[in-house]
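The values are calculated or read from the model by the stated rules, or taken from the named source; none is laboratory data. Quantities reported herein were computed from a predicted structural model and do not represent experimental measurements. Cβ placement follows ideal geometry from the backbone for every residue including glycine, while neighbour counts extend to all protein chains displayed. When the accessible area is computed, the model is the full protein with side chains, heavy atoms only, and any ligands, DNA or RNA have been set aside. Shrake-Rupley method; radii C 1.70, N 1.55, O 1.52, S 1.80 Å.
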Amino acid sequence: GRGSPAGDQESPPGSRFVCTSLPLEAAGSGCPLPPVPMQGGALPPEEELKATVLQLRETVLQQKETIGSQREAIRELTGKLSRCEGTDGKSATGAWKNEVGKGKDTMGDLPRDPAQVIDQLSRTMQTLKDRLESLEHQLRANVSYAALPSDLREMLQRRLGELERQLLSKVAELEDEKSLLHNETSAHRQKTETALNALLERVSELEKGNSAFKSPDEFKVSLPLRTNYLYGKIKKTLPELYAFTVCLWLRSSASPGIGTPFSYAVPGQANEIVLIEWGNNPIELLINDKVAQLPLFISDGKWHHICITWTTRDGMWEAFQDGEKLGTGENLAPWHPIKPGGVLILGQEQDTVGGRFDATQAFVGEMSQFNIWDRVLKAEDIMNIANCSINMPGNIIPWVDNNVDVFGGATKWPVETCEERLLDL
């Protein structure tokens, strides 16, 4: 006859679980199911079973919302139900054992379309309900001949409890994954927005800087009067420097002395870097208020290209005029690094950071192509810049229109071409 649903006696209880549906005609000829002894005050077996089935249906319905986006977990449950419905007890038991033994995580990737998932879940739920009803009918038919043994009922409840715990753990796991995915998406969106904003700011900056000049560097600053209020200001500041090269084109016939082409002041030191020709003195380079006199002659009203190089190593300096090195020296503020974060002014000498100008020290004339590098340029490069062979913008301060503001009546004009300035020498 058929094997008892309770399983073999040798096997430890709970190690196998076989659900079989017995046809009516086979029930009498096979091994009858052992009757359940009635306990005092207990419901009849039929009622108790019916209550169990109803409870099962209620449990499944309660799980409907919890299941939510748990497609794979439902598949796992459906697979187990299929095994319960199978007529081959041995194969169902083996498959159940394999399934439990493997402990395989069958959760797949989250589907992309939530509407599709909900639709699929609805269909799966309907299938489950239909299967439960079918089981209920079969059990109703069988229950008149024999009640389910109590140990099988307990095993069923244990299994259902276990499945419920697995299901809840999958729900929690998926909620965590969903939360993590949401956080990653937010972070990615924030990065994208930041990049886009930076790009927009850059475009706006370029649009604003789109001036009347043919190219952003083809302009000059004109300071026609000796005052204490005409000046240009470089928007950028300097980093800490251990060496530098400053180059510029200038034209002036002011006397006595052309004044101050540029000055750089920092808190606590107004004369951090200054180039000045004042009164009848020769042109001077000040670094940290220390002075070197430069053998340059530039007050003849013609365009001249001037370059000054300096390094903190032994305070060595070089002075170039129109591409030629006219002087070198050392011990000018040796081992003093240029301080960062100060203010660069064109045309005035600062007594405080960004202010207290003195008209007698003001530059009178025009200047262009004021560039600063954070290294000592080679003599060859300086010659090539001065004779118009190359255009080399400063890597620290480049000469561009939107980096230079003018004040007090100082003006910006289109500058003569490099070749025209060269012919003026």
**Request:** Multiply the residue gap between SER179 and GLU380 by 0.36 nm, knock off their C-alpha separation, and tell me the result in nm, one decimal place.
**Result:** 66.2 nm
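Quick one: Cα convex hull volume of the range 153-212, Å³ per residue? If you can, show how the numbers build up before the last one.
On the way: hull volume 2.0 nm³, N = 60.
Cα-based convex hull of the range 153-212, divided per residue, equals 34 Å³.
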**Request:** Determine, for each peptide in 386-395, 118-127, the mean count of other beta carbons within 10 angstrom over its residues, then list the peptides with the highest first.
**Result:** 386-395, 118-127
**Asked** Is the shape of the range 219-423 rounded, prolate or oblate, going by the alpha carbon gyration tensor and its root eigenvalues a ≥ b ≥ c, with a/c under 1.5 for rounded and a/b larger than b/c for prolate?
**Response** rounded
**Request:** Between the alpha-carbon centers of the range 174-195 and the range 331-379, tell me the distance in whole angstrom.
**Result:** 49
**Asked** What's the FRET efficiency of ARG165 with THR124 using the Cβ-Cβ distance as r and R₀ = 22 Å, to the nearest 0.05?
**Response** 0.65
**Request:** Would you work out what percent of the accessible area of the range 219-423, with all protein chains in place, is carbon or sulfur (probe 1.4 Å)?
**Result:** 52
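Would you rank VAL415, VAL291, VAL274 by solvent-accessible area, highest first, keeping every protein chain in place and using a 1.4 Å probe? Don't skip to the answer; put the middle values down first.
Numbers: VAL415 25, VAL291 85, VAL274 0 Å².
I get VAL291, VAL415, VAL274, largest accessible area first.
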**Prompt:** Exactly which chymotrypsin sites (Phe, Trp or Tyr not before Pro) in the range 232-315 are in a DSSP loop and have at most 13 other Cβ atoms within 10 Å?
**Reply:** PHE297
